[in-house]
Every structure is written in C-alpha cells, then in structure tokens.
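Heads up: the structure comes next, in structure tokens.
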Amino acid sequence: MSKSKWKDPKTANELINRIVNIQAKEKNTSSLLSGYIGFKSQFDSIKFDVFSELLKEQVRFNKEIPLFNQNLFFRKSLFKAADEERLNTSYVSDNIKILETDYLNKPKREYVFITRISLSGLKRTKKTKTPNSEIIFSKQCPKCFKKHYNFEEAKSLFPNTDGYNTWVSVHVIARCEHSASGKALDELGYYLGIINLIYNFNKSRRSSGTKIKPINKIRKYPYHSLHYDSGERATNLYWYEPNFSEIGDVIFDDDDFIKVNKLFKKISRDILKTSRYEYFNEVFNNYTDSLETNDLNKSFKMLWSILETLTLSSKDNYDVTINRALVPFSDKFIVKMQLEMLREKRNIAVHTNRQFENAEQLTYMLLNIINNYIQFMIRLSINIKNEKQIKQVIDLPTDSDKLFKKINDLNSQIENINSIKNIMNI
C-alpha cells in the first residue's frame, strides 16, 4: 500500500474544505481575490494565502523535487482541481504525483554554476571534488562562459567587490535549473564550510573601530549565474548572497592554502565514511552562511542553531543541547559556564532583538565550541551511523561515578535476565 501524499490526511481534508468555502462563485477582477495564470478559479485572497500555505506544508514531496517546483506543482494541482470542481484531497494529491513523476522522468544534464571567491594570486587552474560536484578554480572566467556571463549586470548590482579574484565553476548533474542551482550552492557551501572551519579553528580576534569583518576567510562573490556546459546561460535568473559584506579578508594562493585543501579532502573522505553526508552538508552550509556577514550579532544567533543541529537537539530544550555539547570537552566546568552564558545571551537577542557590543567575543566563543564539536561528531558518526544510537551515546553521563553506576545497573539487569532464562529452561 503506497504512503499517503498527506502527512496528516485529516488535517489536509479540513484545510481543503475551508478552501472550497472561500472559492469565488463568479470570476471578477477584484483585488481581494487570488487567482493563478491559466486557471479560472479564484478565492478570497487573505484566507486563501493562509489556508493554501498550511495545506502545502501537509504535502509529502519527493526529496528530489526542488522547492520552486514544489510550489509550482502544488499551485497547479490545487487550481486544476478547483477548475474541474474536484477540489478534494485525493484529486489534488493525484495531480501532484503526476507532475512529480513527469519531472522525475526528465533526463539529467550537466549544468555549470559560475561565481567567484575571495581568493587572490591563483597560480594555476585547480580542481576539487565534492560528493555531488566538480569545482574548478581559475584566474579568469573560463572562455566558453565568458561571452555569455553578464559582467555589466554583476558590476551594476555589486560595484564594490575587490578581492574576489578567483573564478569558480561548479559542475553538477541535474534535471532543471532550479535543481542545478540548489545543488551547486549546496556543494560550494559544503566546500567553503570545511575550508573556513580549518582557517577558523582555535582562532579569536578583537576588532577595533566600526568596520567589523566577516569571520570567514574565503567568501562567495555575491552574484552567481547558471550555464549549460556549452557556455550559454541556462536561465536569465541570477542568484545573490543575502549575507554579503563589502569588507573582509582575502586569502592568497600559497602553501597554507594548498595544505588547507589537502585537509579538506581528508575531512570530506571521513564524512563520506559516516554515511551521513546530507547531515554534514547542512551543517557546513549553515556554517558558511552564518559567517559570511559582518553583522556578528546575526552570526552569533545563527551559530546557536548550528549547535542545535550538531547536538541533534533542535526539538529539545536547551538543557539537552548543553549537556550533549559538553561530551567531547575535558574541562566541562568552563565549557558549561560558557554555554549557559551564551544561551542566555542568545535568548535575549532572539526575544528582544538586542545588539551586543561584545558580539565578536561571544561569536568566537561559540564558534570554537562548534569547531571542536564538528570534529567530534564526524569521528562519532564514522563508528555509529544510526542517529538514534548517536543520541543515546551523547546522552550518557560523562561523570565517571555516574557512568560506573550505570554500568553496574546494566550488569545487574543482565544477571537478572540470565537468571530468568535459566529458570525458564528448567
């Protein structure tokens, strides 16, 4: 029996019934009604926006469907059902399935995502691989893309981008431009996350003046375009970096950068051994995004979310996050004091939007805990690949007396089990 397309069919049915009740009886041009190009049905605008968004969250989309296509398929299916007077959960889900199947049957092809990074003095073209891409670094925009790349658009949108002197081509295989751009950004974010982790490890700083730099050493150029492997633009759309800062460090292609790239390959190989690539891809993309900005109050709040992801405690209370975060550290007293303080500051920042003057100090304190915890989680995940078991391990007491008591309790339980087995055999 196939799984329902709805996470909660009862809730989906209730929402669709509400949408039916706000459908306009006759087509008109009122600004208070929502419609969709190519369809005749209309709905009360304010209520429809709420109900349809809630309903979309109830859909189980195939993981290979990009977010853009998810929104498109949902809207088309909903309005098609309304036009045909078959607005019910079964018909809407059937239409979504048809659109998904058509999409998944599309042939894949190569796309190339073109951007730059804050790296100067590149001596020669370099290549590296991530699990889902090949990334090529070059001094100039590659010839086959140069005549199709919109230099004027990039310059007019982002005129102050000195230091972004290395061109990056991210080669991916995908079914459409939305899937390709998402995959390319994820793979590039994964690469830059690991590279910056290495540069940031056990570092700190105290900036003076008002021009605070982003923490990441290598950052993305704010303008990206997508091309076919022939060089032509795959779409006139462009992508930009919302956290872009006009100031920041520039790394040079030297012996250190070569060593850092070798470490990237080692760390990436270790991550592949964990069979949890999607999890670490999310961690490193969030890591990259949180440290691209020069607003370190924003960086600080984003980093706490990364800590929750790392400790698998996003749905738990703060005590769980802190207790799990302490596991790899020897000086648990100091780290716990730091985390308790950081938790309090983060809560104040989220609930009151307060800006801390010492945001740089707070951010580096949290960053160094996260940097160490990432390494710990990679090592742990190599040996234990099941997330439930990982949680069980990091929830074990780290106090030696409590741990020995737990061992003794378990040994007693095993003795009791063996005793009952012997009795049953008799």
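The values are calculated or read from the model by the stated rules, or taken from the named source; none is laboratory data. Predicted model only: the values in this text are computed from it and were never measured. Glycine also receives a Cβ, built like all others from the backbone with ideal geometry; neighbour counts cover every protein chain displayed. Ligands, DNA and RNA are stripped out before the accessible areas are found, and what is left, the full protein with its side chains, is counted by its heavy atoms. Shrake-Rupley method; radii C 1.70, N 1.55, O 1.52, S 1.80 Å.
So here's what we get for this one:
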| read-out | value |
| --- | --- |
| Mean separation of Cα contacts under 8 Å (6+ apart) over length of the chain, as relative contact order % | 13 percent |
| Segment 273-358 pair-distance distribution - Cα-Cα, 5 Å bins, rounded % | 3, 13, 21, 22, 22, 14, 4, 1, 0 |
| Using θ = phi - 60° and Karplus 6.51 cos²θ - 1.76 cosθ + 1.60, couplings along segment 217-227 (whole Hz; Gly, Pro as x) | 7, 10, 10, 7, 4, x, 10, 10, 10, 10, 10 |
| Summed residue charge, Cβ within 15 Å of V350's Cβ, Lys/Arg positive, Asp/Glu negative | +3 |
| Average accessible area per residue (Å²) across the chain - probe 1.4 Å, nucleic acids and ligands excluded | 54 Å² |
| Interatomic Cα distance distribution for segment 1-157, bins of 10 angstrom, percent | 9, 29, 21, 16, 18, 8, 1 |
| Within the chain, helix-based [θ] at 222 nm, where runs of 4 or more DSSP H residues each add -39,500 (n - 2.57), nearest 500 | -18000 deg cm²/dmol |
| Rounded if a/c under 1.5, otherwise prolate or oblate - segment 172-220, Cα gyration tensor axes | oblate |
| Neighbour-limited loop hits for GluC sites (Glu not before Pro), segment 305-383 (at most 15 other Cβ within 10 Å; DSSP other than H, G, I, E, B) | E357 |
| Most mobile listed residue (E134, E415, E85) in the chain, GNM with C-alpha springs under 10 Å | E415 |
| Cα gyration tensor category, rounded, prolate or oblate, for the chain with a/c compared to 1.5 | oblate |
| D_trans [Stokes-Einstein, Kirkwood Rh over alpha-carbon pairs] for segment 214-273, 4 °C, 1.567 mPa s, µm² s⁻¹ | 88 µm²/s |
| Extended-chain gain in nm, criterion 0.36 nm per residue less alpha-carbon gap, Y199 and W239 | 11.8 nm |
| Between segment 336-366 and segment 168-217, the Cα center-to-center distance that results, in Å | 23 Å |
| Tensor-based shape of segment 239-297 (alpha-carbon gyration tensor, a/c under 1.5 rounded, otherwise prolate or oblate) | oblate |
| Reciprocal mean inverse distance between Cα atoms of segment 313-353 - Kirkwood radius, Å | 10.9 Å |
| GNM top mover of L32, L342, L291 - the chain, alpha-carbon springs below 10 Å | L32 |
| Whole-number D in µm²/s for segment 153-247 (Stokes-Einstein; Kirkwood sum over Cα pairs; 4 °C, 1.567 mPa s) | 85 µm²/s |
| Among T130, T321, T101: highest mean-square fluctuation, GNM of the chain, C-alpha pairs under 10 Å | T101 |
| Segment 29-120: proportion of alpha-carbon pairs further apart than 23 angstrom, % | 36 percent |
| Loop-located trypsin sites (Lys or Arg not before Pro) in segment 106-179 whose Cβ has at most 16 other Cβ within 10 Å (DSSP) | K108, K123, R124, K139, K147 |
| Neighbour net charge for R276 - beta-carbon separation under 14 angstrom, K R +1, D E -1 | +2 |
| Neighbour net charge for R175 - beta-carbon separation under 12 angstrom, K R +1, D E -1 | -1 |
| Trypsin sites (Lys or Arg not before Pro) restricted to segment 335-426 and DSSP loop, no more than 14 other C-beta within 10 Å | R354, K385 |
